[in-house]
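For reference, the structure is listed below as structure tokens.
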Amino acid sequence: MAYQTFPLMLEMKDVVLIKPSKSIPSCILSLSTIDNREIYNNLAQTVHIYRSPSINDSDLSFNFCHVFKEALSKALFYYYPLAGRMVKHADDGKLRVNCNPNAENYGVPFLEAIANCTLSSINYLDNTDTEIAKHLVLDPEEKAYPLVFKVTKFLCGGFTIGMGVLHAICDGVGASQFFKAIIELARGRNEPSKIPVWERERLIGSITEQPFPESPMNKESVAFSPFLNQHNTTVMKQYCFNIDGEMITRLKLSLMKESGNIRFTTFESIAGYVWRSRARALKLNSNGETVLTIVAGIRRNLKDFDPLPNGYYGNSCVDANTVLKVSELDERPLYEIIKLIRETKNIASTTDFVKNSINTLETNYNEESRMVSTGAVTVLTEWKHLGFLDGNVDFGGNEAVNLVPAPCNMFASIEISIFTSPNKFDNDDPSMKGGVKIFTTLPVAAMPKFKEEIEALRFLS
């Protein structure tokens, strides 16, 4: 047994490896061009919070951890690549999945923990500061595992499921599909309702003589924040902010008035506002450039582009970049900024853009490099459509009430901001109808200004 102490104390059992319930083939699987992006070689970790049923509805004989492990094992028969190990090919350096069921270390690391408190005592992780979530996921020393789990039981009978999936294997849609498959099997189904499809060869690009620029910004003109330094000693935290329905309505009406009656979507409106608010909070230098990157999905049907099969769980998105000088972002009417974002989104929805994006990634594979974090990049991704909190993920009488991206590995990045639907507690607040939650990582010193910008939405005329 191991113990971990912070605001709550965890008693942890030994890590075990969960293997597929039936025999699977021994093979080495290649990934798509999009999967092989260097930034995706990182665990995306989420904490799923389950509230215990009322005493009258509870089943004292229900052992959720045992049921979940059995369901995970069954799910891995269909998703067996997630039980493999990541390796880099000696010739091209690209990632592969080594599925060898006879290997000693084959399987998914699974850690069971018991907390010394109730979920209500930590507010079901429904907090502005999400720091505690990083203690409810498994961060393995061995980085070759594409999937890890940590399940923590609380004194109230509720529990959390910490899931870490290598982004190179699954995007958000794929991770949601896999998680729902586990819950379906835990609830008694014989097989998942959606059978997974690998077929990563569908999204392998070709070498092109006219790739897109390697970076959307000129490296010499990238804006920088005085809160960040080259020694990575800045204290960073992920924060969660609620933007209620009335705030969104006020913003959209304000944009209509500014623009002469142009209607923008909620996502477009919030995207532009958050981009500008982060730039102001980070105090980016006004003569530098900043980029908003929207993660644009390509699962919809595109002309002259073979649609992805139902059940495909690999990465299926491209970057839609809008670049502006910081002074423009700060001073231009907000509706003009959002019009640019809409135009960029529309371009990213074309077949030519998607094909060229994938071909560019393939052409520049060995040159892909990550810029030093200066605060100039804001990456927005939307989880509202993933369904992590719908009734289809409840099981054993326990209700999924909240979802939090754990602020470690991929989601510790200052660049990433995540839009999610309100959680089950927000349903008790009428003002959150039509609202969104925003998770964003900032230097601690920049948070007060960002909060001020968000609160200003309440006072738009």
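The values are calculated or read from the model by the stated rules, or taken from the named source; none is laboratory data. Note that this is a predicted model, so its numbers are computed, not measured. We place every Cβ from the backbone using ideal geometry, glycine too, and count neighbours over all the protein chains shown. Heavy atoms of the whole protein, side chains included, go into the accessibility calculation; ligands, DNA and RNA do not. Shrake-Rupley method; radii C 1.70, N 1.55, O 1.52, S 1.80 Å.
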Within segment 426-461, take every residue that is surrounded by 12 or more Cβ atoms within 10 Å (Cβ to Cβ) and among the basic types (K, R) and give me the one that is farthest from P226 (Cα to Cα). K433
State whether one or more residues within segment 159-171 are in contact with a His (Cβ under 6 Å, 6 or more places away or on another chain) and crowded, with 21+ Cβ neighbours inside 10 Å. yes
What about E399, is it surrounded by fewer than 20 Cβ atoms within 10 Å (Cβ to Cβ), of a type outside the set (G, A, S) and at pLDDT 95 or above? no
Please go through (1) under 30 Å from L389 (Cα atoms); (2) at pLDDT 95 or above for A223 and return the number of the only condition it doesn't satisfy. (1)
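For (1) surrounded by 14 or more Cβ atoms within 10 Å (Cβ to Cβ); (2) within 20 Å of E343 (Cα to Cα); (3) not acidic (D, E), each residue gets a yes or a no:
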site	(1), (2), (3)
M217	yes, yes, yes
E220	no, no, no
F224	yes, no, yes
N229	no, no, yes
T234	yes, no, yes
F241	yes, no, yes
K252	yes, yes, yes
N261	no, yes, yes
E268	yes, yes, no
When segment 177-208 is examined, which residues are found to be of a type in the set (D, E) and either open to solvent by 50 Å² or more (accessible area, probe 1.4 Å) or in a loop (DSSP other than H, G, I, E, B) (or both)? E191, E199, E201
Sort out for me the strands (runs of 3 or more DSSP E) sitting completely within segment 390-452 that have 3 or more residues that are more than 30 Å from L284 (Cα to Cα). 399-405
So I122 fits all but one of (1) in contact with a helix residue (DSSP H, G or I) (Cβ under 8 Å, 6 or more places away or on another chain); (2) among the hydrophobic types (A, V, I, L, M, F, W, C); (3) within 18 Å of T46 (Cα to Cα); (4) modelled with pLDDT of 95 or more; what number is the exception? (4)
Just a yes or no: is a residue in segment 368-378 part of a strand (DSSP E or B) and not assigned by the TED database to the domain that holds R51? yes
Among (1) in a loop (DSSP other than H, G, I, E, B); (2) modelled with pLDDT under 95, I34 falls short only on (2)
Name the single residue that is most open to solvent (accessible area, probe 1.4 Å) among those in segment 332-350 being within 23 Å of Y40 (Cα to Cα) and assigned to a helix (DSSP H, G or I). K345
Hey, any hits in segment 282-299 for a residue that's more than 22 Å from T378 (Cα to Cα) and in contact (Cβ under 8 Å) with a residue 60 or more places away in the chain? yes
From the list D91, D57, exactly one residue is under 27 Å from E141 (Cα atoms), of a type in the set (D, E, K, R) and at pLDDT below 95. Which is it? D91
Consider A90 against the criteria (1) touching a Gly at 6+ places or on another chain (Cβ under 6 Å); (2) open to solvent by 60 Å² or more (accessible area, probe 1.4 Å): it satisfies all of them except one. Which criterion is unmet? (1)
Consider Y106 carefully, then state whether it is over 20 Å from the mean Cα position of the chain (by Cα), assigned to a loop (DSSP other than H, G, I, E, B) and touching a residue at least 12 places away in the same chain (Cβ under 8 Å). yes
What residue, of P226, P216, P211, is of a type outside the set (A, V, I, L, M), in contact with a Lys or Arg (Cβ under 9 Å, 6 or more places away or on another chain) and in a loop (DSSP other than H, G, I, E, B)? P226
